[in-house]
Amino acid sequence: MISIVMSVLVLLGLAVLFGLILGFSSIKFHVAGNPIVDQIDGILPQTQCGQCGHPGCRPYAESIANGEAINKCPPGGQATIEALADLLDVEVLELDGEHADIPIKTVAYIREDECIGCTKCIQACPVDAILGAAKQMHTVIIDECTGCDLCVAPCPVDCIDMLPIASNITNWKWQAPADPQQVFQQIIATDKRPEVELQS
Amino acid sequence: MGKVFSFHGGIHPPENKHQSTQLPIATAPLPKLLHIPLQQHIGAASKACVKIGDKVLKGQRIGDAQGDFSVPVHASSSGIVTAIGNHAVPHPSGMPATCISIETDGQEQWIAHSGLADFTALSSAELIDYIRDRGICGMGGAGFPTAVKLHLGDHHIINTLIINAAECEPYISADDLLMREHAEHIIAGIDVLQHLIKASHIIIGIEDNKPQAIRALETAIAGCRYNIDVVSVPTKYPSGGEKQLIQLLTNIEVPHGGIPADVGIVCQNVGTVYAIHRAIAYGESLISRVVTVTGDGVNKPQNFETLIGTPFSALLEAAGYLQNNTSRLIVGGPMMGYTIDDLEIPVSKTTNCIIAASPQEMPAPDPALACIRCGQCEQVCPVQLLPQQLHWYAKSQEYDKAQQHNLFDCIECGACSFVCPSNIPLVQYYRHAKTAIKEEAQDKRKSDIARQRFEAKQMREQRAIEEKATKRKARAEQAAKAQAEKQKVAQQPPLDSAEQQQLLKQQVSAEKLNVEQLQQQFAVLQTQSNTEASAIQLGDLQLKKAQLNLQRAEQALLSYQPADCAPDIDIKKLKVAAAMASTKLKKAQRALKNAQEKSQPGIELLTTTILALEKTASSANAAYSDASNHCLATCSTNPVSTEPATGDAKKLKIAVAIARTKLKRAQAQLSKATAEGADNLAELAQSVTDLSAKLSTAEAAFKVTSAPIQTQPTGDSHPSRDQPDLKTLKTMAAIARTKLKKAHSQLEKLSVEDQPDHQLLAEIARLEEKVLKTQASYLQAKDSISSQPDAEQNKAAKQASLEEHLQKTLSLFDRAQQALQKAEANKSPAVEKMRISIEKISTKLAAAEHALQQHNSSQDQE
Amino acid sequence: MPHIRISSPHVQRPTKTADIMRLVIIATLPVLFGMTFFCGWGTLINVVLASVIAISLEAICIKLRHRPVLFYLRDNSALLTAILLALALPPFAPWWVTATAVFVAIIIAKQIYGGLGQNPFNPAMVGYALVLISFPVEMTRWTAPFDLSGNSWEVLGFADTLTVIFGSWQEIIQTHPYIDSFTGATPLDTLKHRNGLTVEEVWQSSQVMANVGAWYAVSLCYFVGGIFLIYRKIYTWHAPLTLLTTLVLISAVFFAIDPDSYADPLIHLTTGATMLGAFFIVTDPVSSATSNRGKVVFAAGVAILVYIVRTWGNYPDALAFAVMLMNLCAPFIDQYTQPRSYGYKNPNSGQPSKENHS
């Protein structure tokens, strides 16, 4: 009987102790705000394109934090999905539906001869990357353009093109070495050395 | 001879330098076309300053430096600019970049140039600018602008100048041959550098596989005024790496993220030193360099003094290019160089070697096997990284871990790949990982900027919406106010009421006249027998119209008159008050007379009372006349002034109520004192008269202020006239009641004294009648108003009921006090109880006052 | 001729994985010779048997993975595993014990993890540990290197050895009366089960201990092979030296405290699998720690565990268990033993911190 009482008391004491520790730490180490939304927002590409069905990246981040699927960001592509899956510890999904292809980074260009200066694209641009005034020719600040596509539809004269970002010497990057698995496909049992790929 | 230390790792690849050192430096043939890249150095590309078709001379500047971290480019030979545009350039990507193409004329005509007679005469800054203007950048491989390297801040104190002559890469012998043939020029270049840097120690670091060059240098330094050490270091790749050479010669490590100058060292390539000498001594810009052309793919491996911009094809041709024996073309050494596949790529300032390798010489690598973590790479890494760990992380794209393993300290020397038994292209993994990390960082930066811009835009839009909303609200208020103003103007005709009436009267008389005229005409028409029926009808119609007009005008006149008399009500009230005061005065005088006749006690008291009443009466009269004047003024001139007056009116009303209560209490006390024959009767009487004076002034003031308010419109126009009526009636009723009570109290007093007064009784009866009448009329008016379903009315009704409640409570208080007096006089035992009940009533009274006040203030807020 | 585009470096050292494996195999030859000399043909037969099984299994696995078989077999890694395993097994272990050990080593410990370079545990040690636990009796079939009389040694003939391995050992005992048992004890066994005698008394009484010289010779063979590999720069001195010195130090301390209860350092150094472990097992690059500092920590850990199990544990020798336990720790050791890179004051260690993200 004594032992039962003792064990109950000990457990009670432990419960109180840990409760106090938890309570203390919840006050002491309180994290203000909702960091998970910030973290998700940090992963999203910030094109503000609205292809996820939300008006901007942050609303989608909030929505993801509330349990929405992570595969609705075509500009981010599979890499973003993987990063989100890693962050939220959920399963990696395929990119949603129609946008299943690999995203090619593009930026908007205005064919300036055709621009009539209607300012519609300026209003549509979520990041203020289009310069111009009414009745004046508009132009895109290429460095600021996120390639969100939102300016293309409002243009009444269809003078905006989404062009892929040109690869040049300054933004060129080294290719990853070929996947050994693929090289092995070429090796045959006769032990012949495979032809090394010619890159032209 | 300095002490030689060592660095971690390193490898000993086959040197293969002997092939190209057999022959002296030859001059490369002048090509037909020179393609001079605008970016041959680290930093900003220079900008073309010539146009297509321009004739340029050898050594003429054709590209201006852009910013401090840049150098200009010069024409390597005389000729005509044929193109400025994209052309293949020596770069691992194989992508084109902007080049200036010059069609040479074979004249090799120099632009006027001359060396500096005495460079020591120039200041450091001038000398550095001079070096920069000659287009000199590091010729060891990276192409770091030399001027930037020499332009040191004050916090850098240089102890050691190291001349990098190690040339550790296999195959390359450009520096070796340069030292063999131009050792004295190199020493002269060091002289210039030493003048700029003023180091205490100059070391030429050279690998021990170049004995001839070492000998040449040692001979050359014999005559030098500085103490220069030629230190031969053991042949080990990559001893020619800047940081590795510094460690070899000084055993100092350049701190991570720092530059050699941080540890008091400046390191310059031997080729750069030579170029500096050419620039200082002859004024020649950097337009040529020594290039090794070697490998099994050429017949005559050799070093060439080559003009910048010479296509590789020309160089290879000069060395006896065997196209069929060449499987890869390498720019730079076999360890760090990159392959190209375009022979039209030109020589740049950093091109030190071209290797045309045969397939036997450099066989295609076997496919990579799995890493067995053998650790060979770790043993050879000159930076002491863990290459195999980096490989795992780079492969699995765990870039944060790769960075933690100091990926960015990798110098890409290729030692790890060289020793890897599994043929893993480690360097390529690192290069890819580095660019991927940089790209990621850039994307991150870009997305951060995008986020900021997006949020800024959203905020701006939000602000715009809010501003619009507030503006709209302001406009709506403005409009409402304007509307109200208009209504006010419509309601309160700008004309004096009398004038208005006059106008209406005139209108009426005019209409009357018109009707009479028409009637006369009509009568004449009827009398004339020949008149047609239609004419008679027309005349009849006209007459009827005129009569209608007349009726309307008369109605307008009639309806105008009540509106006109609205402000008079208060004046009437004041009149009543004044009359009342005079009545009281008369009454008092009568009482005094009575008393005097009967020689009763309290004559003095009555006299004072009469005096006070006289004062009251006069003040009431004064108030009346004041009010009537003021009312006229406010009604006719300034409708806006009514607004602030509303608040005043309410305050005044409350003041009136309080004053009245006080007065009543004082009166009660006075009467009690009179009854008991107290000593302080005179004082009390004085206070009563004072209070009553105050009350009457307060009432007067209240009436004056409230009068215009009550005429003020409150959205709907129709009840505006009823309200003042109602209030007046109520006030009248209240006054009548008060009078009645006073009379009652007097009667009681007299009855206590057993002196029935018939006159007083008659007075009471009259007052009772009056009270009933006023109350009835008041109720009637109230009913008529409450029948109108209006919020404004409800509020007014509520106010009225509150006021009524207050009045009732007041009267109750009075009665209770009277009862108390009576009881005290009778020495009744219930005195205590009654006192308590009086107290209760007084709290009730206060509550009622408070409620009224609250109601008024809430109305104020609205 | 078309020009290929390829990343630098453009030259490579000709030494390949297969060469490294071949060198290690060459380094085992003295041991093989020593074992055959002292214990008869059993070891040689085991090596051949194990090699054949290992290569067959490896080939099957590569085939199943649709990879080029010959290309992969040529890396010699399966062969090396088989040889090391065969050297560690008792010379007269029945064939099915050897087969089981090889199967476990090749299939379970290596191929299931993805083949060469992916295995977290040393395959040979996994195979050895499994059969040691599963078949304790068969795993004691060490013949005494000398016959029991102690005057001379005589080993079984080739045919007899085959009979023992593939048939029944009772037959052999009947035909060879001078052998009374194949379950001869090793010196470590003898010391472990000394029935209350002091170490000194065991030395004097036991025939096994009298013949300890043979074990010294075998250890010397391992040592020679190891020195050869260090000379050829196949691995660095860090791991072997650390293992040996740690073991010597610990045993010396305990021997100094109580010589009656604890074996002397020489015994620990020269008997059992110490030398095998030092020069052929902890130097296995795949499953051990990476950096030089890491190798030191790894080998020291192995040495400590070996001594603990030998002295206080149930098994006379414990290299397999010690190595496997330390294999588990290798990634952790790697994290905290990064070398100090050029230009840094201190080495990095542990997980990347958030500040490193840039």
In the set B:A480, B:A441, the lone residue that is within 9 Å of chain C (Cβ to nearest Cβ) and within 43 Å of the chain's Cα centre (by Cα) is B:A441
The one condition C:F332 fails out of (1) surrounded by fewer than 22 Cβ atoms within 10 Å (Cβ to Cβ); (2) more than 14 Å from chain B (Cβ to nearest Cβ); (3) aromatic (F, W, Y); (4) not in a loop (DSSP other than H, G, I, E, B) is (2)
Item to check | Condition met for B:A823 (under 15 Å from B:K741 (Cα atoms), at pLDDT below 75 and surrounded by 14 or more Cβ atoms within 10 Å (Cβ to Cβ)) | outcome: no
All conditions in (1) acidic (D, E); (2) within 10 Å of another protein chain (Cβ to nearest Cβ); (3) touching a strand residue (DSSP E or B) at 6+ places or on another chain (Cβ under 6 Å) are true of A:D143 except (3)
Note on B:E103: of the conditions (1) touching a strand residue (DSSP E or B) at 6+ places or on another chain (Cβ under 7 Å); (2) farther than 20 Å from B:I246 by Cα; (3) more than 14 Å from chain A (Cβ to nearest Cβ); (4) part of a loop (DSSP other than H, G, I, E, B), unmet is (4)
With respect to C:A256, is the statement that it is of a type in the set (G, A, S) and loosely packed, with under 15 Cβ neighbours inside 10 Å true? yes
In region B:361-401, anything at the interface with chain C (Cβ under 9 Å from one of its Cβ atoms), among the basic types (K, R) and not in a loop (DSSP other than H, G, I, E, B) is listed as B:K401
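Okay, residues lined up against (1) over 60 Å from the mean Cα position of the chain (by Cα); (2) within 14 Å of chain C (Cβ to nearest Cβ); (3) over 21 Å from B:M139 (Cα atoms):
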{"residue": "B:K198", "(1), (2), (3)": "no, no, yes"}
{"residue": "B:I203", "(1), (2), (3)": "no, no, no"}
{"residue": "B:L217", "(1), (2), (3)": "yes, no, no"}
{"residue": "B:I221", "(1), (2), (3)": "yes, no, yes"}
{"residue": "B:H256", "(1), (2), (3)": "no, yes, yes"}
{"residue": "B:I259", "(1), (2), (3)": "no, yes, no"}
With criteria (1) closer than 24 Å to B:G138 by Cβ; (2) facing chain C (nearest Cβ under 7 Å); (3) buried (at least 24 other Cβ atoms within 10 Å of the Cβ), B:M336 comes up short on (3)
By residue number, the members of region C:249-275 that are out of contact with any Ser or Thr (no Cβ under 8 Å at 6 or more places or on another chain), modelled with pLDDT of 90 or more and under 20 Å from C:T190 (Cα atoms) are C:S251, C:A252, C:F255
Checked B:A222, B:A199 against criteria (at pLDDT below 90 and touching a strand residue (DSSP E or B) at 6+ places or on another chain (Cβ under 6 Å)); the one match is B:A199
Counting only residues in region B:456-471 that are facing chain A (nearest Cβ under 8 Å) and of a type outside the set (K, R), the one surrounded by the fewest Cβ atoms within 10 Å (Cβ to Cβ) is identified as B:A456
Log entry, pairs with first residue in region C:63-82 being over 17 Å from B:N423 (Cα atoms) and more than 9 Å from chain A (Cβ to nearest Cβ), second being crowded, with 17+ Cβ neighbours inside 10 Å and hydroxyl-bearing (S, T, Y), beta carbons closer than 7 Å, six or more apart or on different chains, reads C:L79/C:S51; C:A82/C:S51
In region B:9-60, anything away from every other protein chain (no Cβ under 14 Å) and within 21 Å of B:I172 (Cβ to Cβ) is listed as B:H18, B:Q19, B:S20, B:T21, B:Q22, B:L23, B:P24, B:I25, B:A26, B:T27, B:A28
Flagged in region B:241-266 as under 14 Å from B:E167 (Cβ atoms) and either outside any loop (DSSP other than H, G, I, E, B) or at pLDDT below 90 (or both), in numbering order, are B:E242, B:Q244, B:L245, B:L248
The residue from C:F298, C:F280, C:F321 that alone is at pLDDT 90 or above, closer than 30 Å to B:V383 by Cβ, of a type in the set (A, V, I, L, M, F, W, C) and under 18 Å from the mean Cα position of the chain (by Cα) is C:F298
Scanning region A:106-130 for residues that are at positive phi and not hydroxyl-bearing (S, T, Y), the one nearest to the other protein chains (Cβ to nearest Cβ) turns out to be A:D128
Here the residues within region C:214-255 that are within 14 Å of chain B (Cβ to nearest Cβ), within 14 Å of C:A303 (Cα to Cα) and not small (G, A, S) are C:H238, C:P240
C:E154 passes all but one of the listed conditions (1) surrounded by fewer than 19 Cβ atoms within 10 Å (Cβ to Cβ); (2) farther than 14 Å from C:C39 by Cα; (3) modelled with pLDDT under 75; (4) not polar (S, T, N, Q); the exception is number (2)
Within region A:150-175, residues being farther than 18 Å from B:E461 by Cα, assigned to a loop (DSSP other than H, G, I, E, B) and either within 14 Å of chain B (Cβ to nearest Cβ) or among the aliphatic types (A, V, I, L, M) (or both) number 14
Residues in region B:340-387 that are touching a residue at least 40 places away in the same chain (Cβ under 8 Å) and touching a strand residue (DSSP E or B) at 6+ places or on another chain (Cβ under 8 Å) total 18
Query raised in the report: Can you find a residue in region C:16-28 that is in a loop (DSSP other than H, G, I, E, B), of a type in the set (D, E, K, R), more than 9 Å from every other protein chain (Cβ to nearest Cβ) and surrounded by fewer than 22 Cβ atoms within 10 Å (Cβ to Cβ)?
Result: no
Across (1) surrounded by fewer than 24 Cβ atoms within 10 Å (Cβ to Cβ); (2) more than 7 Å from chain C (Cβ to nearest Cβ), B:N324 clears everything bar (2)
Checking B:G85, B:G63 in turn, the sole residue that is in a strand (DSSP E or B), away from every other protein chain (no Cβ under 14 Å) and not aliphatic (A, V, I, L, M) turns out to be B:G63
Quick count over region A:47-74, residues being more than 10 Å from chain B (Cβ to nearest Cβ) and either among the hydroxyl-bearing types (S, T, Y) or under 22 Å from A:T106 (Cα atoms) (or both), is 12
With respect to A:L17, determine if the residue is exposed (fewer than 15 other Cβ atoms within 10 Å of the Cβ) and either touching a helix residue (DSSP H, G or I) at 6+ places or on another chain (Cβ under 8 Å) or in a helix (DSSP H, G or I) (or both). yes
The condition from (1) among the hydroxyl-bearing types (S, T, Y); (2) closer than 22 Å to C:N122 by Cα; (3) modelled with pLDDT of 90 or more that C:Y231 misses is numbered (2)
Condition set part of a loop (DSSP other than H, G, I, E, B) and of a type in the set (S, T, N, Q), scope region C:335-354, selection farthest from the chain's Cα centre (by Cα): answer is C:S353
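The values are calculated or read from the model by the stated rules, or taken from the named source; none is laboratory data. It should be emphasised that the depicted structure is a prediction, and the values quoted were computed from it without experimental measurement. Don't worry about glycine lacking a Cβ; one is built from the backbone with ideal geometry, like all the others, and counts go over all protein chains shown.
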